[in-house]
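First comes the structure, then the notes that go with it.
Read the figures in this text as sums done on the coordinates, not as results from a lab. In this text, all values refer to a predicted model and were calculated from it rather than measured experimentally. Using ideal geometry, Cβ is built from the backbone for each residue, glycine included, and neighbour counts are taken over all protein chains shown.
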Amino acid sequence: MRIGELSRNTGVPVPTIKYYVREGLLPPGELTSPNQATYGEAHERRLRLIRALLDVGGMKVAEIADVLAAVDDPERPLHKVLGAAADRLGRDDVEHDDAESATARAVVADLVSRRGWRTHESNPAAIDLSKALAAMGRLGHGAFVEVLDDYADAAEQVARADLRYVDRRVAVESMTETVVIGTVLGEAVFSALRRLAHVDASAQLYGADGSQERKPS
């Protein structure tokens, strides 16, 4: 297909497609003449992945480029591809150096150790967790750590579900792409499901009219 057809199929403007090619996110088309190139289904699929990571995953172009480089590296183990995707989900918040931050880092290190997770407290996700817990502490919600293991239990279950889905993909090419989709877009799916569950749990606990339901004695 020509670039115009690729644009129509994906809804991505032609100038944007050319920009992705220049930035190395999208492979160039096959030249049929000095000024003409054709594109295939692989280009359309990659373009849809780029847009999903950008629009739903909230990633920046440079971050997407790093993730796609990991996907396209045949020597990169799937575990490393997953790590490359997960590491781009962190926030760029400034880390404070105060008592709450020190306490939060200790809590996260203890959590990782107790649960036997094969990672380290220097992992970007662990740093993000520390920042979130520290922020809660500054707001007077340090007691949130009391339910942290409940959240960890749920996170382990979701992580296993993610990887079960990845494991269904037989072809290596689709497996690497699925790792990225399951990690980045799965984050958005889980966040949306959590919000839906919040609405239901709140309605059950406090009642549809906003008043707390009384349990029968």
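Which of these, ALA192, ALA125, ALA69, has the largest mean-square fluctuation under a Gaussian network model of the chain (Cα springs below 10 Å)?
ALA192
Project the alpha carbons of the stretch 3-55 onto their principal axes and report the range along each, largest first, in whole Å.
33, 21, 19
Suppose R0 equals 30 Å; then what is the FRET efficiency for SER191 and LYS18 from their Cβ-Cβ distance, rounded to the nearest 0.05?
0.35
What percentage of all Cα-Cα pairs in the chain are separated by more than 21 Å?
Working: 15354 of 23436 pairs.
Cα-Cα pairs of the chain separated by over 21 Å account for 66 percent.
Let me understand the stretch 38-78 better: what is its radius of gyration from the alpha carbons, and its Dmax, in angstrom?
That works out to 11.2, 31 Å for Rg and Dmax.
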